[in-house]
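**Student:** Here you go, one structure.
No value in this document is a laboratory result; all are computed from the given coordinates. If you're wondering where the values come from, they're calculated on a predicted model, not measured in any experiment. Every residue, glycine among them, receives a Cβ derived from its backbone with ideal geometry; neighbour counts consider all protein chains shown.
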C-alpha cells in the first residue's frame, strides 16, 4: 500500500449556505416554518436569494464541514462534491480551498444550479433553513477515479447522498476503489429520516464494506428500529467494526471489535448553536483515526471539535482545532 | 452445591432512622449543618432523640435497605447486622421482619446502643442526618456461620463496614465461607470517602474474591483516582467481573467479562429525594442476578427500583417493586 497524500477524502453534497438576519414578518410573508429545514426548488431558492438582505455566503454541507474540521486540526483533507460553474459554485470552491481542503471535482454541466441553503436567522436566534439540492447529487463514477480514492487513508461518505441513484452508484464505485487500495471506508448515517428511507441498504453496507460508522443516538435507534439506546448499541457492537455514537449532552460511545469507551461530553460554557456538532465530531475522530491515535483519543478529539462548534453560531470551527487539541494534550 | 434458601444475604450496618420535621431555628440551636451527614456520638444521639418532636422510626442502613428492596421484588433476602437489645434494636428487628427479610443476628451485649440516624427535615425539604454508629460495627466471626452464609446464592457486603477492624475480620470470614460453598460475593463501595480510606484494600478485594461490584460514578472515580468516567470504567472492565456503575441521571453501565450495556435512567416524573437510590439499584440488580436473568435485565431492574425510591421521600420502596418489574415486562 502506497503512502497516502490525504488523511481523509470526503464525498458529500456541496452546498453553499446563504445566511441573513431577518424578521418574523419576513418568515410569515414568505411562508417559512421557523426553526426547521425545508427542501425547496430552484425557483424558490432564487426568489429567497433575491429577497434576503445583506446575505453572507459560506461553503457548507455536512461532509464538506467535516473536511474543513480535519484541515483545522492540521490534517490533510480532500472533498469530492458537485457544484455548477455558476457564481455560488465558484464561491464554494474558493471557500473550501481557503480552508485548506483539496477540491477539484469537475463542475456539473447544464442549467441545474449549485445547491444552496438559504438560512434565515430571526431575532430569537432560531435558524430556518431552505435547502435546494440543485446539482449536488449529480456525482458520477467519473468523479471517483481509482487514483483519487487511493490517495487518502480513509474514504468518508455522507448517508444523505443515498437519496439519488446516480450518486449511490458513484459512491459504490468509490468504495470499491478504496477497498482495492486497502483504504478504510467511513460512513455517516446523516439523519434519522435518511435512515428510515434506506435502512436495509445501510445495514447491508455496515455489514459489508464500512470500517468506521458515525451515528448519533437518534440515527442509531432509527437504524435498528428501537427506542432503547442500549439495544442500538448492542446491534452496532455486533458489527465488530469501529463506530462512534454521539449522544449530545450525554457524550459519546466509541467502540471497535475489542474496546468500548464511554466518553463524557466536553464542557461548554454556553451552547449557542448545535448545527454541525456531528460533522465536527466526525472531523476530530477521523483525524485521530487516520493518524493512528488510540480509540479513546479519537473520541476525545471528536468531543473537543464538537464542543468548539456548538459554542458559537455556524457549522465550522472559529478557532484552530489543532490548538484546542494540543491544549488538551491529545496531539 | 446445595439449593439456596435465600437469593441474597446482606451484611451491613443495622441503623434505625429517626425522622422528624423541624425548623431552621432548631438546626441553628443544635449546631446542625443542613443537608449533610454528620457522624455523632452516643450522647449527642440521645440528646437529639429526646429533643425531636413526633419522630418516626424505621429500620434503615444501606445494605438493610437493599435487602428490603429484594423482598419487595419477591426475592428471598436475609440480613446480618448488629443491634443492641434496646428499644431501637427491637424496633429494627420488628421492622425488617415486617418487610419480609430474614434477620436473627444475636444482639450485642453491653452498653453501646443500637445505631441511629437522627434525620431532621426542614421545610425546604432538606435532610440533615446525624448518624451514631453505636454497636453496628460490632460484628464478629461468630455471627457468620458457614451454614448461614451458604444458605444464600449471593453474599452482599457493604463497604462502610471496612472502617472497623472487627467487622472487617468478620466479613473476611463470611467471604471465605461463601467461596467455600460456591456462592457469589457482591460488594458495594458505599461512599467516595470510604473508598479514599480503603482504596488499596478495596482494590485487592475486587481483584480477589469479589464477583459482583456496585459503585456509583463518584466512587468508581475515587477508587481509581481519576476525573474521567471512562478511565474508571476501563479499570473496572479490566477486572473481568460483573459490575454495575450507576450514574444518576446518566443511567448506568453494567458489564461482565463479555458484555457491556449502557442503560438510560428510568423516567421519573419528579425527583423528590435521592436517598437510597444506590441501595435500591443494588436490590434490583442482585434480585435479577440471583434469579439468573440476563445482565441487561438485571440493570433495568436496578433502574426501576432506583426510580421508585427517588420519586418519594425515604430510602425504601413505597409500592411493590415486583409489580413495577412485572409491568415493565422484566419478570
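**Student:** Scale the Cα Rg of the range A:65-217 by the rule-of-thumb value 2.2 N^0.38 Å and send over the ratio, two decimals.
**Tutor:** 1.08
**Student:** A further question on this structure: When N counts the residues of the range B:1-133, how does its alpha-carbon radius of gyration compare numerically with 2.2 N^0.38 Å, as a ratio?
**Tutor:** Dividing the Cα radius of gyration by 2.2 N^0.38 Å gives 1.14.
**Student:** Counting each DSSP H run of 4 or more residues in chain A as -39500 (n - 2.57), what helix-only mean residue ellipticity at 222 nm follows after dividing by all residues, to the nearest 500 deg cm²/dmol?
**Tutor:** Estimated from H runs of four or more residues: -12000 deg cm²/dmol.
**Student:** Sticking with this one: To check my understanding: the extent here is largest minus smallest coordinate of the Cα atoms along each principal axis. What are those three numbers for chain B, in Å, largest first?
**Tutor:** Ordered largest first, chain B gives principal extents of 55, 45, 40 Å.
**Student:** Could you name the residue in chain A with the C-beta closest to the rotation axis that superposes chain A on chain B, along with the separation in whole Å?
**Tutor:** Smallest Cβ distance to the axis, with its residue: A:260, 2.
**Student:** Starting from the Cα-Cα distance between residue B:85 and residue B:207, subtract it from 0.36 nm times their residue separation and give me the gain in nm to one decimal. Mind showing how you got there, number by number?
**Tutor:** Numbers: separation 122, 0.36 × 122 = 43.92 nm, distance 3.79 nm.
In short, 40.1 nm is gained.
**Student:** What ranking do B:209-216, B:130-137 get when scored by the average of other Cβ atoms within 10 Å per residue, highest first?
**Tutor:** Descending mean neighbour count gives B:130-137, B:209-216.
**Student:** Please compute, for peptide A:243-251, the average count of beta-carbon atoms on other protein chains lying within 10 Å of each residue's beta-carbon.
**Tutor:** Per residue, the number of nearby Cβ atoms from other chains is 2 on average.
**Student:** Give me Rg over Rh for the range A:62-155, both radii from the alpha carbons and Rh done the Kirkwood way, two decimal places.
**Tutor:** Rg/Rh: 1.01.
**Student:** How big, on average over all directions, is the shadow cast by the Cα convex hull of the range A:3-62, in nm²?
**Tutor:** 5.7
**Student:** Over chain B, what relative contact order in percent results from Cα pairs under 8 Å that are six or more residues apart?
**Tutor:** Once divided by the residue count of chain B, the mean separation gives 18 percent.
**Student:** With labels modelled as points extended 7 Å from the Cα through the Cβ direction, what inter-label distance (nm, one decimal) is found for residue A:268 paired with residue B:274?
**Tutor:** So the label points at residue A:268 and residue B:274 sit 2.3 nm apart.
**Student:** For residue B:168, which inter-copy label distances result when the label point lies 7 Å beyond Cα on the Cα-to-Cβ vector, reported in nm to one decimal and in ascending order?
**Tutor:** Between copies, matching label points for residue B:168 lie 6.6 nm apart.
**Student:** I would also like to ask the following. With a 10 Å cut-off between alpha carbons and a GNM built on chain A, which of A:229, A:187, A:92 moves the most?
**Tutor:** Largest GNM mean-square fluctuation: A:229.
**Student:** Could you grab the Rg to Rh ratio for the range B:180-264? Cα atoms only, Kirkwood for Rh.
**Tutor:** Using Cα coordinates only, the ratio equals 0.95.
**Student:** Dimensions of the range A:227-306 along principal axes (Cα, Å, largest first)?
**Tutor:** Principal extents (Cα only, largest first): 36, 35, 17 Å.
**Student:** Return the percentage of antiparallel bridges among DSSP beta bridges fully within the protein assembly as shown, rounded to the nearest 5 %.
**Tutor:** 35
**Student:** Can I ask one more? For chain A, with a Gaussian network of springs between Cα atoms less than 10 Å apart, report the residue from A:312, A:259, A:177 with the top mean-square fluctuation.
**Tutor:** A:259
**Student:** Modelling each spin label as a point 7 Å along the Cα-to-Cβ direction, I'd like the residue A:180/residue A:225 distance in nm, to one decimal.
**Tutor:** About 3.7 nm, to one decimal.
**Student:** Another question about this same structure. Return the average number of partner chain Cβ atoms within 10 angstrom of each residue Cβ along peptide B:228-234.
**Tutor:** For peptide B:228-234, the averaged partner shielding equals 5.
**Student:** Now for a different question. Based on DSSP, what percent of beta bridges with both residues in the range B:174-331 are antiparallel, to the nearest 5? Show your work: numbers first, answer last.
**Tutor:** On the way: 8 of 16 bridges.
Taking every DSSP beta bridge within the range B:174-331, about 50 percent pair in antiparallel fashion.
**Student:** Calculate the mean, over all residues of peptide B:255-262, of how many other protein chain Cβ atoms lie within 10 angstrom of the residue's Cβ.
**Tutor:** For peptide B:255-262, the averaged partner shielding equals 4.
**Student:** Rank the residues A:52, B:67, A:37 as a footprinting-exposure proxy: fewest other Cβ atoms within 10 Å of their Cβ go first.
**Tutor:** Least to most surrounded, the residues fall as A:37, A:52, B:67.
**Student:** Have a look at the DSSP beta bridges in chain B and tell me what percent are antiparallel, nearest 5.
**Tutor:** Here the share of antiparallel DSSP bridges comes out near 35 percent.
**Student:** Compute the projected area of the convex hull of the Cα atoms of the range B:21-99, averaged over all viewing directions, and report it in nm² to one decimal place.
**Tutor:** The orientation-averaged projected area of the Cα hull of the range B:21-99 comes to 6.5 nm².
**Student:** With N residues in the protein assembly as shown, what two-decimal value do you get for its Cα radius of gyration over 2.2 N^0.38 Å?
**Tutor:** 1.16
**Student:** Pick from A:233, A:26, A:285: which residue has the top mean-square fluctuation in a GNM of chain A where Cα pairs under 10 Å get a spring?
**Tutor:** A:26
**Student:** Along Cα→Cβ, 7 Å out, is where each label goes; now give me the distance between the ones at residue B:169 and residue B:5 in nm to one decimal.
**Tutor:** 2.7
**Student:** Now for a separate question. Can you give me the Cα centroid spacing of the range A:155-178 and the range A:92-123 in angstrom?
**Tutor:** About 19 Å separates the Cα centre of the range A:155-178 from the one of the range A:92-123.
**Student:** Do you know the relative contact order of the range B:1-135, to the nearest whole percent, from alpha carbon pairs under 8 angstrom that are 6+ apart? Present the calculation step by step, with values, prior to reporting the outcome.
**Tutor:** On the way: 282 pairs, mean separation 53.1, N = 135.
That works out to 39 percent.
**Student:** Now, a different point. How far apart are the residue A:33 label points across copies, placing each 7 Å from Cα toward Cβ, in nm, shortest first?
**Tutor:** Spelled out, the distances from residue A:33's label point are 5.4 nm.
**Student:** What does the copy distance list look like for residue A:109, label position 7 Å along Cα→Cβ, in nm and ordered from shortest?
**Tutor:** Ordered by distance, the counterparts are at 10.5 nm.
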